[in-house]
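Quick notes on the structure that follows.
The values are calculated or read from the model by the stated rules, or taken from the named source; none is laboratory data. Every value quoted in this text rests on a predicted model; they were computed, and no experiment measured them. Cβ sites come from the backbone with ideal geometry, for glycine too, and all protein chains shown count toward neighbours. The protein model used for the area step is the full one, side chains on, heavy atoms only, and it has no ligands, DNA or RNA in it. Shrake-Rupley method; radii C 1.70, N 1.55, O 1.52, S 1.80 Å.
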Amino acid sequence: PARLIVWKIYGRTRKLVVREPERALSRARSVAAYLVTTRDDEAAAAAARVALHTGVLGLKWTFGVDGAPRDTSSEAEALDLIAASGNTPPGQGSGLAAFADRNEGGGTVRFLVFAPARRGPWVERVAALARRKRGVLDVILAGDRLGTPRPSRWRRLVFLPAEDARKTPEGIPADEVDRIARDLVAAGATVAKVDRRTGRIELAGGPQRQMRVAG
C-alpha cells in the first residue's frame, strides 16, 4: 500500500523503501507440557518432575503423558501420570497431536515437550507439531552423559575389558543428539539439551547454562 512507502527516502534517493508492519504476537498465557515415553525416558521424566516441583511451568499449565487417559493441571496428578507411564508400553509421542488439539488456545498457549535424547518415531511427531506451532514449541532433550564420543568397534574390543564395560554407564553420542536437535530446530522448535548426570543445559545453537536437573 502507498501509505507504507517512505516518501522522504524515495524523494531523496529514488529508492523505494517500504515499511513492514511488525507481526502482532500474543503473549503465551499458559503452558501445555507433554512427556514423550520411550524405553530411555528416565532423564526426560526426571526433567518433567523438576519442572513441576519448581513451578517453572508458571501459574496456568496443563500436563499430559503418552498413554495417559487424561490431561491434568494438578501437580500431584501430573506426578502420578509420570510414575504410571513406566507401566505402559512406550508411546513414542503417539498422543502428542491429540494433546495439542485439546489444548489449543488461540495462540496464547506455549507447548513444551520433554523427550529422551535418543532418536525414535517420536522425533517426526514432535517435528510435525513444531511445523504447526512454529515459534511456540520448546523441546527439552534429556539424557545421561550427553555428548559422549562414539567409540569405534576396535577401541571397545581392544581397550575396554568386558567386565568394565558392563559397569560403565553408556553415554549418548554427540552426533545423535545433535542430529535430533537440528531436525527439531529446522522444523521451528526451540531445543535445549539437558544432561541429568552433570546438570548442564545447552541451547541448541546457543550458549550453555547451568541448572540442577537431578531426578
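Taking region 25-64 as the range and being aliphatic (A, V, I, L, M) and outside any helix (DSSP H, G or I) as the test, the residues that pass are LEU25, ALA28, VAL31, ALA32, ALA33, LEU35, VAL36, VAL56, LEU57, LEU59. For region 168-204, the candidate set comprises residues that are surrounded by fewer than 18 Cβ atoms within 10 Å (Cβ to Cβ) and among the polar types (S, T, N, Q); within that set, the residue that is farthest from the chain's Cα centre (by Cα) is THR168. Filtered by the rule that a residue be acidic (Asp, Glu), assigned to a helix (DSSP H, G or I) and modelled with pLDDT of 50 or more, region 155-179 gives ASP175, GLU176, ASP178. GLY67 satisfies every condition listed in (1) part of a loop (DSSP other than H, G, I, E, B); (2) in contact with a Lys or Arg (Cβ under 9 Å, 6 or more places away or on another chain) except (2).
The selection criterion, being open to solvent by 10 Å² or more (accessible area, probe 1.4 Å) and either small (Gly, Ala, Ser) or touching a Phe, Trp or Tyr at 6+ places or on another chain (Cβ under 8 Å) (or both), holds for LEU81. Of the residues examined, ALA68 is not one that is exposed (fewer than 15 other Cβ atoms within 10 Å of the Cβ), over 24 Å from VAL185 (Cβ atoms) and either touching a residue at least 60 places away in the same chain (Cβ under 8 Å) or over 14 Å from the mean Cα position of the chain (by Cα) (or both). For region 134-154, state whether one or more residues are assigned to a helix (DSSP H, G or I), open to solvent by 60 Å² or more (accessible area, probe 1.4 Å) and modelled with pLDDT under 85. Yes, that holds for at least one residue.
Kindly indicate whether ALA97 is open to solvent by 40 Å² or more (accessible area, probe 1.4 Å), at pLDDT 95 or above and small (Gly, Ala, Ser). If you could, list the steps in order and put the result at the bottom.
Details: open to solvent by 40 Å² or more (accessible area, probe 1.4 Å): yes; at pLDDT 95 or above: yes; small (Gly, Ala, Ser): yes.
It is true that ALA97 is open to solvent by 40 Å² or more (accessible area, probe 1.4 Å), at pLDDT 95 or above and small (Gly, Ala, Ser).
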